[in-house]
1. Can you list residues from other chains, or at least 5 along the same chain, whose modelled amide H is less than 5 Å from the amide H of residue 16?
2. Around residue 132, what is the net charge, scoring Lys/Arg as +1 and Asp/Glu as -1 over all other residues with Cβ under 13 Å from its Cβ?
3. Under 14 Å Cα to Cα from residue 98, which aspartates and glutamates show up? Leave out anything in the same chain fewer than 8 places away.
4. Run the numbers on region 92-153 and let me know its relative contact order in percent, using alpha-carbon pairs under 8 Å that are six or more apart.
5. Just to be sure I understand: of the beta bridges DSSP finds with both ends in region 92-153, what percent are antiparallel, rounded to 5?
6. Using a cut-off of 24 Å between alpha-carbon atoms, which lysines can reach residue 99, once sequence neighbours fewer than 8 places away in the same chain are excluded?
7. Once the Cα atoms of region 92-153 are picked out, what are the Rg and Dmax in Å?
8. Taking residue 18 as the anchor, which aspartates and glutamates have their alpha carbon closer than 18 Å to its alpha carbon, excluding any fewer than eight residues away along the same chain?
Amino acid sequence: MPDILRILPTGGTYKEFKEALPSGGTVTIGAFALVRDTYAIALSAAVAAEQAAAATAMAAGIVAGTAWAGGGIVGTVITGTGTQICLVYEAEKIMLPKKQATGEAFSVGDDVWLDTVALLVSPIAVSGYLWVGTCQKAAGDNDERVLCSFEGNVNSNN
């Protein structure tokens, strides 16, 4: 499981769903994806897809850290029509990809807004952005991600 999801030993919840990639579709682990009417964070390929990829990699003699990185590693791009992807649409604590080098920093308690074009979050509400949660830990302008509570369902946004 990628390090973007924070589940504490004392608890913590998240909600996920699985979706098959459409023809020609790709998804990047740790990045936003719009699936039907829901903005969600791609978490991993479903177990069967990861096992198949691992078997293929082993048969080809590829080891982890070289050509095949496996599902669940942030930045891994998964392709393949029908590949089942696990996506998180709500989480108490999750690292969301944010805008960098824009002069935008997050403070604890800030609203988190999703730029639906760039698919990055911002602490600044702009027309067309969607509210997706609340900042849980401060993040500077150059930080790649910000720890947030996340509510990604478009239908539940303000």
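1. Here the answer is 89, since their amide H atoms fall under 5 Å of that of residue 16.
2. -4
3. Excluding near neighbours in sequence, the set is 110, 111, 115, 141, 143, 144.
4. That works out to 43 percent.
5. Of the beta bridges lying entirely in region 92-153, close to 95 percent run antiparallel.
6. Result set, ordered by chain and number: 137.
7. 10.0, 28
8. 37, 50, 90, 151
Only the coordinates and a few stated rules stand behind these numbers; no lab work does. Keep in mind the model is a prediction, meaning the values are calculated, not measured. Positions of Cβ are backbone-derived with ideal geometry, glycine not excepted, and every protein chain shown enters the neighbour counts.
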